[in-house]
Amino acid sequence: MSITPPAQKVLFMGLGASGKSSIRSVVFEGKSPEDVKDYSATINYTRSTKSIVDSAFQIFDCGGQESFISVFIGEQAEFIFSDVTILVWVVDVSNFDQVSTSKFYFDHAVKRLAEFSSGALIFCLFHKLDLLLPDMREQVIETMKQYFVPIKDIEIHYRATSIFDQSIYLTIGEMIQKLILQGTKAKTVSEAIQEFIQQHTELSGIAIYTDDGLPVFEEGELAERIILPANLWLTNYDRIKDAFETMSTFKTTLETDDYMFVFQRIKDELLLTGIAKKVAPLQYVLVKMEQIATIVSDLL
Ligand SMILES: Nc1nc2c(ncn2[C@@H]2O[C@H](COP(=O)(O)OP(=O)(O)O)[C@@H](O)[C@H]2O)c(=O)[nH]1
Ligand SMILES: [Mg+2]
């Protein structure tokens, strides 16, 4: 019998207009980056829940006006910072004027988190990277890393992100993987995929994505390469499905000069994908993907 674990709490914090609500909508609600252009300020906080494999999350999108942040780190601190699994601090790297204010509240938030959820992971996102000239990016990120060093000796995971490319999916996907791998079911699936890849070396990677394009399992050396084609596939899925409404299973393949990709729906809301170097015959890869689909579907 399985016991449903309590929802894990993920806090998105940072100054107003740094991009918190946009990230949440693009990554968890399937909105396109253009849809989120005119977001109005988040008042206080909004809470949404999301469930992936056997883990449930509560996503807190905390309003970024200084009057709200002061309350979060002040009188509401215990409520906000208790039982947190991940804190995501979002900094708008294109807004130099606000960086020191962001750091000021970041320090307070990290301190509060250490007080009420000492084991929580902290991600610091240097966000809207697309707004910096390509030549500047590396140096700005380096400088920001040195600036956003916490007062206490606490580990921070720094990532550079933008909602206009894959970076935000990779970063949030990484967080989700850390979260769901605490569940037994997810661990079993991950081990099954690893074992399958070891036995069938023609497959260079297997990954599973949510409907929103978040990678929840990625195994094998080339698994990370699948994210872009997987997102393209997901973007078009609804249209293709409408056109072939009678099909019971639906699979597609994609070939590039060097690789072959296979995409297949498992369970209604997940996409199973594989990548193989083109030395393996397509038919073989399809058969192997069918096998892993059955294994994974039975486990999920
Ligand atoms: N160029 C760029 N703009 C972004 C990015 N993420 C968010 N934005 C824009 O930043 C503005 C503020 O975003 P919002 O999500 O409301 O910020 P919040 O106050 O932190 O929730 C919106 O106009 C977004 O379209 C990004 O990665 N790149
Ligand atoms: Mg907001």
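Every number in this text was worked out from the coordinates using simple rules, so none of it is lab data. Predicted model, so just to flag it, every value in this text is computed and none were measured. Quick reminder, even Gly has a Cβ in these numbers, built from the backbone with ideal geometry, and neighbours come from all protein chains shown.
With unit charges on the beta carbon (Lys/Arg positive, Asp/Glu negative), name the residue among T184, V216, M136 whose Cα is farthest towards the positive pole of the charge dipole of region 129-216.
Checking the options against the dipole of region 129-216, the answer is T184.
Of all GluC sites (Glu not before Pro) in region 54-87, which ones are in loop regions per DSSP and have a Cβ with at most 10 other Cβ atoms within 10 Å?
E75
In the structure displayed, which of K187/K278; K9/K241; K50/K103; K241/K267 lie more than 26 Å apart, Cα to Cα? Walk me through the intermediate numbers first.
Details: K187/K278 30 Å; K9/K241 34 Å; K50/K103 29 Å; K241/K267 15 Å.
Correct reply: K187/K278; K9/K241; K50/K103.
Using alpha carbons only, how many degrees (0 to 90, rounded to 10) separate the axis of helix 227-243 from the longest principal axis of the chain?
Between helix and principal axis, roughly 70 degrees.
Just name one of P33, F72, C124: the one whose Cα is farthest towards the positive end of the charge dipole of region 8-180 (beta-carbon charges, Lys/Arg +1, Asp/Glu -1).
Going by the charge dipole, the pick is F72.
How far, in degrees from 0 to 90, does helix 282-299 lean away from the longest principal axis of the Cα atoms of the chain, to the nearest 10?
Between helix and principal axis, roughly 60 degrees.
Return the FRET efficiency for the residue pair T49, V149: r is the Cβ-Cβ distance, R0 is 35 Å, and the value is rounded to the nearest 0.05. Don't skip to the answer; put the middle values down first.
Working: r = 33 Å, r/R0 = 0.95.
That gives a FRET efficiency of 0.60.
In debye to the nearest 20, how big a dipole does region 235-278 give about its Cα centre with +1 on each Lys and Arg Cβ and -1 on each Asp and Glu Cβ?
Dipole of region 235-278, to the nearest 20 debye: 160 debye.
Among D135, D92, D211, D258, which comes first, second and so on when ranked by fewest other beta-carbon atoms within 10 Å?
So the residues, fewest neighbours to most, are D135, D258, D211, D92.
Among the lysines, which have Cα under 16 Å from the Cα of K128 when same-chain residues fewer than 8 positions away are ignored?
Of all the lysines, those that pass the test against K128 - Cα under 16 Å, at least 8 places apart if same chain - are K20, K37, K145.
I'd like to know which of F12, Q146, I52 lies farthest towards the positive end of the charge dipole of region 8-180, counting +1 on Cβ of Lys and Arg and -1 on Cβ of Asp and Glu.
The listed residue farthest towards the positive side: I52.
What fraction of the Cα pairs in the chain, stated in percent, has a spacing above 24 angstrom? List each step's numbers first, then the result.
On the way: 24872 of 44850 pairs.
Tail fraction, whole percent: 55.
When the C-alpha atoms of region 8-180 are aligned to their principal axes, what extent does each axis show, in angstrom, from largest down?
41, 36, 30
Summing Lys, Arg as +1 and Asp, Glu as -1, what charge do residues with Cβ under 15 Å from the Cβ of M175 carry, M175 excluded? Walk me through the numbers on the way to the answer.
Working: positive: K9, K20, R24, K50, R159, K178; negative: D61, E155, E174, D212, E218.
Net local charge, M175 excluded: +1.
By DSSP, what percent of the beta bridges with both residues in region 8-180 are antiparallel, rounded to the nearest 5?
On the way: 8 of 31 bridges.
Around 25 percent antiparallel, to the nearest 5.
Antiparallel DSSP bridges in the chain: what percent, to the nearest 5?
The antiparallel fraction comes to roughly 60 percent.
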